[in-house]
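Trainee: I have a structure here, written as structure tokens, and I will follow up with some questions on it.
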């Protein structure tokens, strides 16, 4: 039977289930990664499991989000993460080393392996032929215990690439075109597998850009074959021994095939305030820009930034434009310096930041009020940049560099002949982390800002409460739990963080939820899109929320809700969304009984209006057990405890 590349990797890692779309499967995990904004909670949860050492051979703890140290909180988190890494045998990547996805591509990604990361841009490693999936921090904690990762088997879609990119058209334009076609929820329940002759014309960093930003379609992951381009990249990283050829069988079947002729593409830009609001750059040439930022996990490779340096060579940034450049890793930074590109960037007037996420998650470089910021990032949700009134546009490094020179959104094709760069035979190798050092006697260092995670109780026989908030479609985890320099340092302190829950939509929400001792949130389509941050589930849990009623949920957030013990309740009829009004008193009777019996239909009684509304809660047997236990942490602890009891009986 002919297999897709995805099916081949799943077959070699299948722990349970049948890989049929819509069925629950479990996968053995080869590698894990966390970043500091999600990692602290993941390791606090891991500690409660009572194990002595992490099980995966490659388990990375990166520090790349909270590197702006305006108080003790972030520095304390770094000490905690470093001590946990030594105590339990993880590899620790200290602040300044780089962005986790760029670093993982450089030093750890291995074709054919599985990677689970507590960041939904983990699929970046799919550019090397990994099955790399983003998940919540609690899923990582469980994977560190050696447990498989459970998910609903996605449908596998082929993105067939043909031809070669024209001059000045970039990998970023490929993924912007795909997002334009699919939208921000068109990839939900799917894996995007790249096929066709056009793939061989893309370098590994270009593939990583595409796989990274594929997350904006809501897909489970994206994956490219492992071929001569992959081998060449790993050879430059002095990791050629990690390479193996991997591809789909020639006659593999896909649920659907999208064909894209690269030769017909033009430079594109995503307009405010969504990554799928895409238009040709040529149509937006009269829009002035005040800020240009080039970097993020999407476009901060040596290849990207060297090309930018060559575009800027001998020129100056336009007056009134603030150009910021962020090398994706210390390796990239060193190579820019070693081969002369850093001097070209500085001479052009660029500001160079440390190798970290920085402005992408609102950590510094907030633009001016009502200004335009053009960025090579992957998200442009309203307010994510730190300035609610600013308009953020997303574009390729080439378009960003051209726009920085003119002061207007500019089609890079107007600059003349295309830029060609030559890659060095070997990259500067950076392995400064504590690579798997294990000292079981290492004390765990906890600062005063590090608090225990909230844990749900098993559900009661009935669930009652008021509608505390009603929101629309495509609510992101940034909307639920904002980021930024003020709030991000509280990521390891859920009680303090929860006070900012929904602050940008309804500043009174947290106080009202606590006063009401919980209730419901009602939402539209694709609730919880965007970041994998489980804080968007844990903060509502702390505030007493035990049920979200929505038309549909984003994949990772739905899993995070279940893991936290919050019910993801689907409206059986979407039009019933209009039946709710904030303040309505709701009752769901026989809740625990119906979940335990495997029933999928619940009745929601609106005690205020007298209406009865049908809700659906479609759960796998395992998800039912998790909710009945009060969340994944309780479920896993119970499972591990039962296993220890069995072991003890065997010993006796």
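Quick note: the coordinates plus some simple rules give every number you see, no bench work behind them. Since this is a predicted model, take the numbers as computed values, not measurements. Glycine also receives a Cβ, built like all others from the backbone with ideal geometry; neighbour counts cover every protein chain displayed.
Trainee: Report, in cubic angstrom per residue, the convex hull volume of the C-alpha atoms of the chain.
Mentor: On the way: hull volume 99.5 nm³, N = 652.
Given the Cα convex hull of the chain, per-residue volume reads 153 Å³.
Trainee: Could you check how many percent of all C-alpha pairs in region 308-365 are farther apart than 13 Å?
Mentor: Values: 994 of 1653 pairs.
Cα-Cα pairs in region 308-365 separated by more than 13 Å: 60 percent.
Trainee: Please report the spacing between the Cα centers of region 123-157 and region 360-380 in Å, no decimals.
Mentor: After rounding, the separation between the Cα centres reads 29 Å.
Trainee: Another question, then. Return one number: the angle in degrees, 0 to 90 and rounded to the nearest 10, between the long axis of the Cα atoms of helix 204-213 and the longest principal axis of the Cα atoms of the chain.
Mentor: 40
Trainee: Still on this model: Let a ≥ b ≥ c be the square roots of the eigenvalues of the Cα gyration tensor of region 463-638; is it rounded (a/c under 1.5), or, if not, prolate (a/b larger than b/c) or oblate? Don't skip to the end; give the middle numbers.
Mentor: Values: a/c = 1.63, a/b = 1.21, b/c = 1.36.
Because a/c hits 1.5 or more and a/b fails to exceed b/c, region 463-638 counts as oblate.
Trainee: If one takes the longest principal axis of the Cα atoms in the chain, at what angle in degrees, from 0 to 90 and to the nearest 10, does the Cα axis of helix 555-564 lie?
Mentor: That works out to roughly 40 degrees.
Trainee: Test of understanding: ordering 385, 453, 428 by Cβ neighbours within 10 Å, fewest first, what list do you get?
Mentor: On the way: 385 28, 453 23, 428 18.
Placing the least packed residue first, the sequence is 428, 453, 385.
Trainee: Further question: Starting from the Cα of residue 418, step 7 Å along the direction of its Cβ; do the same at residue 457; then give the gap between the two resulting points in nm.
Mentor: So the two model labels end up 6.4 nm from each other.
Trainee: Hey, what angle do you get for helix 397-406 against the long axis of the chain, alpha-carbon based, 0 to 90 degrees rounded to 10?
Mentor: The angle comes out near 60 degrees.
Trainee: Two-decimal Rg/Rh of region 171-289 from alpha-carbon positions, Kirkwood Rh?
Mentor: Numbers: Rg = 15.8 Å, Rh = 15.7 Å.
Computed over Cα atoms, the ratio is 1.01.
Trainee: Report the relative contact order of the chain, percent, no decimals, based on alpha-carbon pairs under 8 angstrom and at least 6 residues apart. Before the final figure, lay out the partial values.
Mentor: Numbers: 1655 pairs, mean separation 92.9, N = 652.
After rounding, I find 14 percent.
Trainee: Give or take rounding to whole Å, what are the principal axis extents of the alpha carbon atoms in region 268-415, in descending order?
Mentor: 39, 32, 25
Trainee: Post the alpha-carbon centroid distance, region 261-288 to region 175-195, in whole angstrom.
Mentor: Region 261-288 and region 175-195 have Cα centres spaced 17 Å from each other.
Trainee: Using only the alpha carbons, work out the radius of gyration and Dmax of region 5-264 in angstrom.
Mentor: In order Rg, Dmax, the Cα atoms of region 5-264 give 18.2, 57 Å.
Trainee: Note down the relative contact order for region 13-172 as a percent, whole number, built from C-alpha pairs under 8 angstrom at least six residues apart. Kindly include the intermediate steps, with their values, before the conclusion.
Mentor: On the way: 296 pairs, mean separation 49.4, N = 160.
Relative CO of region 13-172 lands at 31 percent.
Trainee: To the nearest µm²/s, what D does Stokes-Einstein give for region 421-561 at 4 °C and 1.567 mPa s, using the Kirkwood radius over alpha carbon pairs as Rh?
Mentor: 75
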